[in-house]
Amino acid sequence: MMTATVPHERMLREIFVPARGQYDNIGDILLRRQLLDWLRPSGPLHVYVGVAPDGYTTGLGLQPSDVQYRSFRHWYVAALCSAARGRASYVFKPGEIQLTLIGMKEHLAMLPVLAVVRARHGRVVRVGVGSRNFARVPRALMGPSIALSNLSLWRDAETAGYLRRGSVMPDLAFASVQAPRSDSVRDVLVVSMRSDLDYPSPAWFAGVRAVAAANNLTIWCVTQVLRDDDKCAQLAVDLGGQALRWNGTGHDEQEQRLRDLYRRAALAVSDRLHVLVGALTEGAVPAALLASSGSDKIARHFAAAGLYDVSIDSTGVSAAEIAARLQNLLGRREPILAGLAAAQGELQTARRLLDQVLSIESPR
C-alpha cells in the first residue's frame, strides 16, 4: 500500500530590523527601503520605525505582511521572545553610524538580543553600514557587536579597515533603480547643498553658471533633506535658477518629483552623498563640488562602488577651472554609467550572499 508523502514546509525565521532614521532625509529612505526589499524573501519582517511621520513610512514601501512597531520597548521585547524561541534573526539598519556613545546605541543596546539570537542559531547581519569617525575607543566598544555578526558588509573601505572585520560593498542606494537609457533628454543641471556647511564662493557660482550656459542646461536647485530647504531657495536666487522645494511631508511624493527631475539632469552638483547617488541612478553625472575642504565621505563611498574622481574641492580654485572640471565630468558620462552598472552587479552579489546567510530555517 502506498502512502502519501507530505512535503516539508519551510519555516522562515522572523527578521527584526530597525528602519528609523532622519525623518527629514529622503536619502535615509533610499537605503532602508532597498534593504527591506532584499530581506522579505528570507522571512517575515518586524520593522521598528519609531515616531516616523506617515510620509516616511510610506516612502519605506512597507508591506501589509510587515509587522510595524513605533514603540522601541515592544519591538525589543518581541525580538527577545522570538530569539528565545529560536525563531529570530537580526539585521542592523544601513547608513552612517557615528562612533560615539549616542551614535552606537543600536550596536550596544541590542547586544542581549544578538547574544540570544546567536545562541539559538539565528543570524546577525549588517549590510551597507559606514562610519563617520574613526576613533580608537569606539572601535573597541563595537567589538562585541561585530563578533556576534555572521556577516558584515561595509559601504566603504576605510570603515572595513578601521573595524578590521568584514567586506566592502557599494552603498545600497546605488541599487535603487536601473540605469536609464542614455538617449534620454538631458536639459537640467541639478544643485543641492548642505545647510550645515559653508556657502559657496563667487568662483563656485560662476563655474556652475558657466557650465550650465555652455551646455544649454536649466539650473534647478532641489531639496532632498528638509533642513537644506532655505539654502535651496537662496542658491536658486544666486544661480538664477529654479527651485524644487519641500515642506517635509509626502516623502514618497517628493522623492518622485526629485527622480523626475534627475531623469532630465545631465549633471548633478551637490555635497550630499545621496543626492549624487540618487541622481546617478537616474542617469545624471554626479559632481561633488565641495564648497569647503576636509570631507572625503563622498569620494570614499563612490570609490567603494568603483567610481573615482567625482569630487572637486573648490576652495581657492578659479571659476574657469571649476567649469573645466565639471565639463570633464560631463564628458565621462558613458564610463560613469558603465561603472554604475558594475556597482549594481556587485550589489546583486551582496544580495545573494545575504540570502545565503539568512537561509536558515526555524524549528517548527
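Among the residues that make up the stretch 21-29, is at least one of them open to solvent by less than 20 Å² (accessible area, probe 1.4 Å), more than 12 Å from the chain's Cα centre (by Cα), of a type outside the set (Gly, Ala, Ser) and modelled with pLDDT of 95 or more? Scanning the stretch 21-29 turns up no residue that is open to solvent by less than 20 Å² (accessible area, probe 1.4 Å), more than 12 Å from the chain's Cα centre (by Cα), of a type outside the set (Gly, Ala, Ser) and modelled with pLDDT of 95 or more. Does the stretch 265-274 contain any residue that is among the β-branched types (Val, Ile, Thr), at pLDDT 95 or above, assigned to a loop (DSSP other than H, G, I, E, B) and at negative phi? Checked the stretch 265-274: no residue is among the β-branched types (Val, Ile, Thr), at pLDDT 95 or above, assigned to a loop (DSSP other than H, G, I, E, B) and at negative phi. None of ASP183, ASP196 is at pLDDT below 95, of a type outside the set (Ser, Thr, Tyr), touching a Lys or Arg at 6+ places or on another chain (Cβ under 9 Å) and open to solvent by 20 Å² or more (accessible area, probe 1.4 Å) except ASP196.
Checking each residue in the stretch 234-260 for being within 13 Å of ILE219 (Cβ to Cβ), assigned to a helix (DSSP H, G or I) and either among the basic types (Lys, Arg) or in contact with a strand residue (DSSP E or B) (Cβ under 6 Å, 6 or more places away or on another chain) (or both) picks out LEU235, ALA236, LEU239.
Considering only residues in the stretch 74-95 that are in a strand (DSSP E or B) and in contact with an Asp or Glu (Cβ under 7 Å, 6 or more places away or on another chain), the one that is surrounded by the most Cβ atoms within 10 Å (Cβ to Cβ) turns out to be ALA88.
Inspect all residues belonging to the stretch 287-300 and state whether any of them is farther than 22 Å from GLY207 by Cα, open to solvent by less than 30 Å² (accessible area, probe 1.4 Å) and touching a Lys or Arg at 6+ places or on another chain (Cβ under 7 Å).
Start the filter on the stretch 287-300 by keeping residues that are farther than 22 Å from GLY207 by Cα, which leaves 297, 300.
Then keep just the ones that are open to solvent by less than 30 Å² (accessible area, probe 1.4 Å); that gives 300.
Within this subset, residues satisfying the condition of being touching a Lys or Arg at 6+ places or on another chain (Cβ under 7 Å) are none.
No, because not a single residue in the stretch 287-300 is farther than 22 Å from GLY207 by Cα, open to solvent by less than 30 Å² (accessible area, probe 1.4 Å) and touching a Lys or Arg at 6+ places or on another chain (Cβ under 7 Å).
The set of residues in the stretch 148-175 that are surrounded by fewer than 23 Cβ atoms within 10 Å (Cβ to Cβ), hydroxyl-bearing (Ser, Thr, Tyr) and in contact (Cβ under 8 Å) with a residue 24 or more places away in the chain comprises SER149, SER152, TYR162.
Would you mind finding the one in GLN242, GLN224 that is closer than 29 Å to THR58 by Cα and in contact with a Lys or Arg (Cβ under 7 Å, 6 or more places away or on another chain)?
Step by step, each of GLN242, GLN224 is checked, and only GLN224 is closer than 29 Å to THR58 by Cα and in contact with a Lys or Arg (Cβ under 7 Å, 6 or more places away or on another chain).
Looking across the stretch 226-246, the residues that are crowded, with 18+ Cβ neighbours inside 10 Å and either in contact with an Asp or Glu (Cβ under 8 Å, 6 or more places away or on another chain) or touching a residue at least 60 places away in the same chain (Cβ under 8 Å) (or both) come down to LEU226, TRP246. Checking each residue of the stretch 320-336 against the condition of being buried (at least 19 other Cβ atoms within 10 Å of the Cβ) and either at pLDDT below 95 or closer than 20 Å to PRO170 by Cα (or both) gives at least one match.
The values are calculated or read from the model by the stated rules, or taken from the named source; none is laboratory data. Remember, it's a predicted structure, so these values are computed and weren't measured experimentally. Note: ideal-geometry Cβ built from the backbone for every residue, glycine included; neighbour counts use all protein chains shown. For accessibility, only protein heavy atoms count, side chains too; no ligands or nucleic acids. Shrake-Rupley method; radii C 1.70, N 1.55, O 1.52, S 1.80 Å.
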